[in-house]
Amino acid sequence: VKKRLRGAVIGYGFIASKGHIPAYLNRQQKQGDVEIVAIADISPLRRASAAVALPTAHIYSDYLELLEKESSDLDFIDIAVPPRDHFKMASEALTRGLHVLCEKPLTTSIQEAKLILETAKNARRVIFPCHNYRHAPVIKAIDKIIESGRLGKIKSVSLITFRNTHAKGVHEWEKDWRRHTKWSGGGIAMDHGSHSFYLAFNWLKSYPTSITAKISNLQPEKYDTEDNLNCVLSFPTGVANIQLSWTAGVRKVIYALQGELGGITVDDDDMEISIIKPTSGADVAQGAVTWHNETLKISSDWMDASHLNWFDSLFEEFKTAIENDQFAGKQALDAQACVETINAAYLSASDKSREIEMNRAN
Ligand SMILES: NC(=O)c1ccc[n+]([C@@H]2O[C@H](COP(=O)([O-])OP(=O)(O)OC[C@H]3O[C@@H](n4cnc5c(N)ncnc54)[C@H](O)[C@@H]3O)[C@@H](O)[C@H]2O)c1
C-alpha cells in the first residue's frame, strides 16, 4: 500500500503559498502520496488566505498548539518562516517524533545547526533542508556534465547572484524581514548564501577549509543587514569565488565552473560548454590550443522566485530520506556546512576580511 505522508506547514507566507502548497496540492492529485492537514501562521490575514487555499486543513495561530494537537496524526512538518525561528520549531517537531523539511538557512548559528542534526539522529527522524537550487534543470544539467567526466576534475567555481532588491515577504506580515537581524539573523549572506555554498560544495566535491569575506550595506540608515557579499573559499579540491548582491541592476545568476579539460558558463537558462580538443596543444600563446564549444538553453524558470517547479524533485528526495532512515544525511550535512560558512563569512568581514579557518572533516 502506498503511504500518504501527512504534513503540516508552519508559516503561510510567500514561499509556502506560491511554492510549497501549490506543489503539495499538485502532488496530492497526481501521486497521492502527500496531504497537508494543518497550517500555522501568526498573521490573521495569512491564516484567512490559508483557509481558502486549503479548506479542509486545521488552521492555528500558534505552531506549538498545532504540534500539541496534531503531532500524533502527522508524519512531517514543513518550516517556512524566517530563519530565526527554524531551530526552535525543528527541535520541537523532531522531539515529538516528526520528520522536518526546513527552508534555508537551516539555522542561524553553528551551534544550533550541530544540535539540530544531533536531535534528528537521536529522535530517528529526518531533518532535511530546502536546498532547491540543486533541483533547477540547468543545475541538474551541470551535475550530469561533471559526472560524465568531460570537464575533468573541477578546480574552481565562480557564482554570482544579482538581484535588484532583497526578496520581499508577504505584505500582511513584515515584508522587509530579510533586512532586520532580529528576524533574519543576517542579510544576503544569511538569506542567499546557502544556495551558492551548497552548489560550490557539490561541484568541488568537498567542504571549504577557509574563507575570506567582505560585506557591505548600501542602505545603513534603513536596515541593519548587509546587501552585498563578496568572498573567496578554499577547498581541498579547489577554490570558489562567490558574489551576492541585492543592489544590482538585473536579476540573474551567472555560474562558471573550470575543470582540467574544459569549462561551463551559465547565465540563467543559457549554458556554454567548452572542452579542450584532445588534439590541440597546451597553450594558446603557442597558437595550438582549440576548444569545442556547445551552447544550450535549459529552461529553468529562474524568474519565478517561488521555484514552484523545483519543489517536486526536492520533495522526492525528502521522501527517500524518510524511507531510508537518512536522519541527518548528506543534505543535512551540507546545510550545517552552509551555516558554518555563512557565520565564518561574517566573522571574516567583521575583522577586515581576515582569513578564517573552517575545521570541517572532509
Ligand atoms: N528556497 C527558496 O528558494 C526560498 C525562497 C523564498 C523564501 N525562502 C525561505 O522561506 C522562509 C520564509 O520566507 P518567505 O519569503 O516565505 O517569508 P514571508 O514573510 O513571505 O512568510 C513568512 C510567514 O511566516 C509567518 N510567521 C512568521 N513568524 C511566525 C511564527 N513564529 N509562527 C508562525 N508563523 C510565522 C508570517 O506571518 C508569514 O506569513 C525563509 O526561511 C526564506 O529564507 C526560500
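Rolling a 1.4 Å probe over the protein heavy atoms gives the chain an accessible area of 44 Å² per residue. Considering only LEU233, LEU94, LEU115, the Gaussian network model of the chain with Cα springs below 10 Å gives its largest mean-square fluctuation to LEU115.
Each residue of the range 334-348 was assigned a 3J(HN,Hα) from its phi angle through the Karplus curve 6.51 cos²θ - 1.76 cosθ + 1.60 (θ = phi - 60°); the sequence is 4, 5, 5, 5, 4, 5, 4, 5, 4, 5, 5, 4, 5, 5, 4 Hz, with glycine and proline shown as x.
Just list whichever of LYS153/LYS297; LYS140/LYS222; LYS3/LYS153; LYS3/LYS252; LYS30/LYS153 have alpha carbons separated by over 32 Å in the model shown. Don't skip to the answer; put the middle values down first.
Values: LYS153/LYS297 24 Å; LYS140/LYS222 38 Å; LYS3/LYS153 41 Å; LYS3/LYS252 39 Å; LYS30/LYS153 40 Å.
Those over the limit are LYS140/LYS222; LYS3/LYS153; LYS3/LYS252; LYS30/LYS153.
Using the Karplus relation 6.51 cos²θ - 1.76 cosθ + 1.60 with θ = phi - 60°, the per-residue 3J(HN,Hα) values for the range 171-177 come to 6, 6, 10, 10, 4, 9, 4 Hz, with x marking Gly and Pro.
For the chain, the share of accessible area belonging to carbon and sulfur comes to 51 percent (1.4 Å probe, ligands and nucleic acids excluded). Among LYS18, LYS140, LYS352, the largest mean-square fluctuation in a Gaussian network model of the chain (Cα springs under 10 Å) belongs to LYS352. Backbone geometry of the range 223-237 corresponds, through the Karplus equation with coefficients 6.51, -1.76 and 1.60 at θ = phi - 60°, to 3J(HN,Hα) couplings of 10, 9, 10, 6, 10, 9, 9, 10, 8, 10, 10, 9, 10, x, 9 Hz, x marking Gly and Pro.
Once you reduce the range 134-160 and the range 299-314 to the center of their Cα atoms, the two points are 18 Å from each other. When the chain is described by a simple charge dipole with +1 on each Lys and Arg Cβ and -1 on each Asp and Glu Cβ, the residue from LEU74, ALA328, PRO55 located farthest towards its positive end is ALA328.
About the centre of its Cα atoms, the range 7-160 shows a dipole size close to 880 debye [charges on the beta carbon of Lys, Arg (+1) and Asp, Glu (-1) only; nearest 20 debye]. The magnitude of the dipole of the range 201-345, with charges of +1 and -1 set on the Cβ of Lys/Arg and Asp/Glu and taken from the Cα centre, is near 420 debye. Near TRP291, the amide H atoms lying under 5 Å from its own belong to LYS277; only residues 5 or more places off or on other chains count, and H is placed 1.01 Å from N.
Amide H to amide H, with H built 1.01 Å from N, LYS155 comes under 5 Å of GLN258, GLY259, GLU260, counting only residues 5 or more places away or on other chains. Positive-end ranking of THR237, ASN217, VAL250 along the dipole of the range 203-274, with charges on Cβ about the Cα centre, is headed by THR237.
State the extension gain, in nm to one decimal, for the chain segment bounded by ARG354 and LYS182, taking 0.36 nm per residue of separation less the distance between their alpha-carbons.
Details: separation 172, 0.36 × 172 = 61.92 nm, distance 2.58 nm.
So the chain would gain 59.3 nm between ARG354 and LYS182.
Using the Cβ-Cβ distance between GLN219 and ASP267 with R0 = 25 Å, the FRET efficiency computed as 1/(1 + (r/R0)^6) comes to roughly 0.35. Of all DSSP beta bridges confined to the chain, the antiparallel ones make up roughly 60%. Of all the options GLY149, GLY238, GLY97, the one that moves most in a Gaussian network model of the chain with Cα springs shorter than 10 angstrom is GLY149. Placing a pseudo-label 7 Å from each Cα along the Cα-to-Cβ vector at SER299 and ALA256 gives an inter-label distance of 2.9 nm. A full extension of the chain between LYS168 and ASN324 corresponds to an added length of 52.5 nm, given 0.36 nm per residue minus the alpha carbon distance. In the chain, the longest principal axis of the Cα atoms and the axis of helix 137-148 are about 50 degrees apart.
The values are calculated or read from the model by the stated rules, or taken from the named source; none is laboratory data. Given the structure is predicted, the values throughout are model-derived calculations rather than measurements. Reconstructed Cβ throughout: ideal geometry from the backbone, glycine too, with neighbour counts over all protein chains shown. Please note that ligands, DNA and RNA were not included when accessible areas were found on the heavy atoms of the full protein model with its side chains. Shrake-Rupley method; radii C 1.70, N 1.55, O 1.52, S 1.80 Å.
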